[in-house]
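The next block holds one structure in the form of structure tokens; read it before the comments.
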Amino acid sequence: MPTARVTRPATRPDPRAHAVPAAERYRDRLLRYVNRLTAGDPHRAEDIVQETMLRAWLAAERGTGGDDGEGDRLAAWLHTVARNLAVDAHRRDRSLPTGIVPPVLARRPAEGGDMAERVADRLLLTTTLARLTPEHREILCHVHLCDRSRAEAAHDLGIPQGTVKSRVHYALSALRREIPAA
């Protein structure tokens, strides 16, 4: 009795079957590259390479970014994807979600503070001090910048202590009027 032959329908080749092995050729080179980007963290580097390979697989499935016979082009694409993933991971690590920092520390200015804020504060202070009379500027410098007592400031400037006290009062009042409270 003759045996019946079963014919299977012809299937289209899976585009992923070619793209994944093509991308896998670059795995070691990509891992070395990403290891440098992650400051030698092998676990992070492996995660990024895995994600890069997954994206190569998905891109081949869609017909974008897969190996089209140009190995250098695929390698460049893989390195670009890996670099972008490493940058994203670094940014994610730098960000601090709201609520993790205790409210007391959140209100306290950071050490050094923001450079732009410090420059703006300094500019505001110097322009405000420039609007004061020379006597008021001089007394604030002696008392607050040089940290002298009323008696020392009075002796240095050759004026009575009561005059030092009133000039400090009026100078600070003028500063408070000029600089809005934060």
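Fully extending the segment from ARG122 to LEU175 would add 17.7 nm, taking 0.36 nm per residue of separation and subtracting the current Cα-Cα distance. Protection proxy ranking, highest mean first, for peptides 134-144, 116-126: 134-144, 116-126, where packing is the per-residue count of other beta-carbon atoms within 10 Å, averaged. Stretching ASN84 away from ARG131 to a fully extended chain increases their span by 11.8 nm, per 0.36 nm per residue minus the current alpha-carbon distance.
Only the coordinates and a few stated rules stand behind these numbers; no lab work does. Predicted model, so just to flag it, every value in this text is computed and none were measured. Cβ sites come from the backbone with ideal geometry, for glycine too, and all protein chains shown count toward neighbours.
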